[in-house]
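Single-structure report; data block below.
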Amino acid sequence: MSYHDLRSTANVEQRFSYHPATTPERQAQHQAVRDACKRLAHALDRIVPPGRHKALALTAVEESMHWANAAVACQAEPAPEREPLGVDPDELAEGAELVEATPTLCTWCRRRPT
């Protein structure tokens, strides 16, 4: 018996595929996260005695690096320039609002970008 469907198969493909940084800014953010975590890991390596707790502390830093880089990868891309709406906001009916497009879900974790 198999429990997968098209949606779950697509989800697995998305989660386990490589998602490169697409802009120099994003690459710099990823590198900054790695550098900060590496500095902390080296500091812990110098001051914490060997053993299980040190290993767990270093693993926690590694996990923090993973989730921080996931946050960088999941952030929304800058919105492209939009065509003018062709509507003068002053002419809108009273109480009407311009509604922004619903942001797309993050392609990595399937949550809305913050």
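Charge tally for Ala55 (other residues, Cβ to Cβ under 12 Å; Lys, Arg +1; Asp, Glu -1): 0. With 0.36 nm allotted per residue and the present C-alpha distance subtracted, the Ser2-His42 stretch has 9.9 nm of extension available. Placing unit charges on the Cβ atoms only, positive for Lys and Arg and negative for Asp and Glu, gives segment 1-54 a dipole magnitude near 340 debye about its Cα centre.
Every number here is computed from the coordinates shown, using simple stated rules; none is lab data. Bear in mind the structure is a predicted one, so any value in this text is a computation, not a measurement. All Cβ positions, glycine included, derive from the backbone under ideal geometry; neighbour counts span all protein chains shown.
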